[in-house]
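The values are calculated or read from the model by the stated rules, or taken from the named source; none is laboratory data. Being a predicted model, the structure only gives us computed values, none of them experimental. A quick note on method: Cβ atoms are made from the backbone with ideal geometry, for glycine too, and the neighbour counts reach across all protein chains shown. Surface areas here come from the heavy atoms of the whole protein model, side chains and all, with no ligands, DNA or RNA. Shrake-Rupley method; radii C 1.70, N 1.55, O 1.52, S 1.80 Å.
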Amino acid sequence: MFSFFSPFPFLRILGLWVIGLLCYPHGFVLLAVLLMLAFLKRRLISSLLLIGFAFIRIYQISTEFTQLIPKHDAFVFQVNQAPIRGPRAWKMQAKIIAVRHGEQWVKLHAISNLFIPGKDFVPRRGQVIQAYGTIKPILLPLLPGAFDWRHYYALQGIYTTAFVPADRLKLLRDASPTQSVFERMRTEASTYLHRVLPQGVHRNVADAMFLGMGSTIDFETRQSYASLGAIHILSVSGMHVGLLYLGLQFIFGFLLRFRPWGPRFYFGLIMLVLWSYAAMSGFSAPVLRSAWMFSVLLFAQIFRLRTHPVNVWAFSGFVLLVIQPMDLFQVGFQLSYAAVLGLILFQRHIVALWSPKNWLIKQIWELTCVAISAQIFTWPLIIYYFHQFPNPLYFFLLNPLLVLFSTLTLGIGFIFLILAPIISYFPLAFSSLGHLVLLSFELLHGLMFATTDRFQTVISFIRLNRAELILYYVGLALLWHWWSSRKVWGLFLCVVLLAGILIHRLGEPLHDEAYLSIVDKNVVFLRTQGQHGQSYGAASQAWLQSNAGAWWAGNQVVDTLTRNWPKGSFQWEFRGEEFVYLTKPSVQRNANPGHLILDPGLDLRDPRFLKTWRGSTWYFMRRPSAYRLSKLKPYWPNQVYYLAEQSAVHFP
């Protein structure tokens, strides 16, 4: 009996492994067993064994760094990854070796995200450092639907974080002063790019595009790329590795004529360059996925193995999930493999719908089909995670040009970096090729910024919950079944699912609620009123997008209004309740209980004025010192919040 999985054995294996991974965090063991009963009985035992191995593997990874951390006032850590320079601080993943509990040091085995502000101290991979301070659990999302960083890092075995000033660090053991070969190559390549690109957007994007050094890119540039669906260009990803792979095939293709040693030499050279580039760009997750997939394709091509793109796709995903099961829950992994699967399944069929006679129109049509195919599986994930989507009009109109210009930029840039060590001794050749690199960036960014500055290129506040996401993929499978078998029940069920989602959406009520939180030591008050969102305070666009966007989308907000607070003390009302922000001592004049927000700079040396506020709810930006708390104890209210230590306070 023919099975859909017959040509794709690794698709079945990948599916079973994914079921096993999903069993661990959600406990759907019974569901997994029921699914396996659909297979032939002789395969049931092996299928359950594979699910069991996946379950054990993810349990092993998830419990590797879950050791409880005792109360402490200092800790020792080792920098185990290359630190990333952010706009305000160094960010790094560090291995916690020990913490000081009382007078004793307790050994630990944990990973933590550390942030070190300042420019004087430059951390390096391999350093062992003692820090005076505490590591704390990663905070929960501020608002409902905001990205859950605690869950995101927990899936990688990281549960804690710390912000440690440089003056509270003591270097115990320095790293080796010598750089690796790949680090030196990366530094030299960055130097060549900086010689031909002026300081600013072009240089920052070039560092990210070719070398994976994207920490200096500002929010506005990232937003411009994201709004046109081109955010993947800002990191070394499958597009970059694929272009390099095609270029290497073109350069070394002549070796295939010399058998029997030619193909093996060809295979070795391409593998060496591909993985050297992956190492030079920092072995980021997108590069590893792409390099591994192209390695599988190259191996099958050289050794003449029978392959199918779906089978290669499933095999590469299975191997990566065996090595690192937690990647299944990474947004980048899901988007990457969803886009590739869309290209494999749909691109050829969509191209066949129209065959233009004009060569230029044909190329544009094929590029558009690539964009459409990649979006079939990815657009629900983009909306589910980011609650926004590029405007389809500008996306499909500009995408062919963006693909063309970005491909030219990448191609010229790769040629420049390959030839730079040689032509750097010839100033005229180096300058000429450098001007070509600069021109390619000016064309790419000129088109992008001219569009994003003049038009609304992104649709914000779109929502898609988990149930709707699953129903979309179920509906897509039903449509595929209807198209391939022409059985009308598949189309009927798909329409029923769509109608059910629309009816549920139309019946949802509007909400009027608010949240109180802080942003960079400033209070922020967020509110929804019908389909209108309001933000009061000094919250940046980036902060609002990452924290309030999902909440506003869930409340069906269609537009927002942002206002800044006045200077000094001020007050406002919400549903008849008074909120007072104090920057200097003042007694309460309203007899009704209210909400008192104390500015960090408020003079509390004489706290007697707080006696009049005992009936109110107090909000501190940060927890005061133990000494200050003891002085405030006689005037303490019934309820107190420390906004920096918790999620936003809800006012329904």
Checking Arg259 against (1) modelled with pLDDT of 85 or more; (2) loosely packed, with under 14 Cβ neighbours inside 10 Å, the condition it does not meet: (1)
Answer residue from the stretch 181-226, given it is polar (S, T, N, Q), under 18 Å from Ser281 (Cα atoms) and without any contact (Cβ under 8 Å) to a residue 60 or more places away in the chain and is surrounded by the most Cβ atoms within 10 Å (Cβ to Cβ) among those: Asn204
Residue ID - most open to solvent (accessible area, probe 1.4 Å), chosen from residues in the stretch 431-466 that are in a loop (DSSP other than H, G, I, E, B) and farther than 16 Å from Asn399 by Cα: Asn465
Positions within the stretch 369-402 being among the hydroxyl-bearing types (Ser, Thr, Tyr), crowded, with 18+ Cβ neighbours inside 10 Å and within 26 Å of Tyr473 (Cβ to Cβ), in sequence order: Ser373, Thr378, Tyr384
Elements of type strands (runs of 3 or more DSSP E) in the stretch 573-652, at least 3 residues being under 36 Å from the mean Cα position of the chain (by Cα): 617-620, 640-642, 649-651
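Okay, residues lined up against (1) assigned to a strand (DSSP E or B); (2) within 29 Å of His387 (Cα to Cα):
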site: Ala82; (1), (2): no, no
site: Leu114; (1), (2): yes, yes
site: Pro141; (1), (2): no, yes
site: Thr161; (1), (2): yes, yes
Residues being assigned to a helix (DSSP H, G or I) and farther than 25 Å from Phe620 by Cβ - total across the stretch 519-554: 8
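Run down Arg589, Arg608 and say which single residue is over 15 Å from Ser569 (Cα atoms), without any contact (Cβ under 8 Å) to a residue 40 or more places away in the chain and out of contact with any Leu (no Cβ under 6 Å at 6 or more places or on another chain).
The match here is Arg608.
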Where Val205 falls short, out of the listed (1) assigned to a helix (DSSP H, G or I); (2) modelled with pLDDT under 80: (2)
Filtered residues of the stretch 108-137 (kept if surrounded by 18 or more Cβ atoms within 10 Å (Cβ to Cβ) and of a type in the set (A, V, I, L, M, F, W, C)): Leu108, Ala110, Ile111, Leu114, Ile116, Ile129, Ala131, Ile135
Residues of the stretch 255-298 classified as over 21 Å from Gln324 (Cβ atoms) and of a type in the set (Phe, Trp, Tyr), total: 5
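Yes or no: Gly282 open to solvent by less than 10 Å² (accessible area, probe 1.4 Å) and either more than 29 Å from Ser406 (Cα to Cα) or at pLDDT below 80 (or both)?
no
Residue-by-condition table, conditions (1) of a type outside the set (D, E, K, R); (2) open to solvent by 30 Å² or more (accessible area, probe 1.4 Å):
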{"position": "Glu573", "(1), (2)": "no, yes"}
{"position": "Arg589", "(1), (2)": "no, yes"}
{"position": "Pro600", "(1), (2)": "yes, yes"}
{"position": "Asp603", "(1), (2)": "no, yes"}
{"position": "Thr612", "(1), (2)": "yes, yes"}
{"position": "Ser616", "(1), (2)": "yes, no"}
{"position": "Arg622", "(1), (2)": "no, yes"}
{"position": "Leu632", "(1), (2)": "yes, no"}
{"position": "Val640", "(1), (2)": "yes, yes"}
Some residue of the stretch 406-429 being closer than 20 Å to Gly342 by Cβ, out of contact with any strand residue (DSSP E or B) (no Cβ under 7 Å at 6 or more places or on another chain) and either open to solvent by less than 30 Å² (accessible area, probe 1.4 Å) or assigned to a helix (DSSP H, G or I) (or both): yes
Cβ pairs under 9 Å, 6+ apart, first in the stretch 138-149 and under 21 Å from Ile111 (Cβ atoms), second surrounded by 15 or more Cβ atoms within 10 Å (Cβ to Cβ) and among the β-branched types (Val, Ile, Thr): Ile138/Ile158; Ile138/Thr160; Ile138/Thr161; Leu139/Thr161; Trp149/Ile138; Trp149/Thr161
Filtered residues of the stretch 388-426 (kept if without any contact (Cβ under 8 Å) to a residue 24 or more places away in the chain and among the aromatic types (Phe, Trp, Tyr)): Tyr425, Phe426
Lone unmet requirement of (1) surrounded by fewer than 14 Cβ atoms within 10 Å (Cβ to Cβ); (2) under 15 Å from Leu288 (Cα atoms) for Tyr337: (1)
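Which count do you get for residues in the stretch 516-532 that are under 30 Å from Leu506 (Cβ atoms) and touching a residue at least 60 places away in the same chain (Cβ under 8 Å)?
1
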Scope the stretch 492-508; condition in a loop (DSSP other than H, G, I, E, B) and either within 31 Å of the chain's Cα centre (by Cα) or closer than 30 Å to Met621 by Cβ (or both); matching residues: Glu508
Exclusive hit being in a helix (DSSP H, G or I) and under 20 Å from Leu211 (Cβ atoms), set Ala300, Ala279: Ala279
Single unsatisfied condition, Gln156 versus (1) open to solvent by 60 Å² or more (accessible area, probe 1.4 Å); (2) part of a loop (DSSP other than H, G, I, E, B); (3) over 30 Å from Leu321 (Cα atoms): (3)
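Restricting to the stretch 347-400, name every residue that is polar (S, T, N, Q) and outside any helix (DSSP H, G or I).
Correct list: Ser355, Asn358, Gln388, Asn391.
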Single match in Ser295, Ser290 (criterion: part of a helix (DSSP H, G or I), open to solvent by less than 20 Å² (accessible area, probe 1.4 Å) and either free of Cβ contacts under 8 Å to residues at least 12 places away in the same chain or farther than 30 Å from Asp218 by Cα (or both)): Ser295
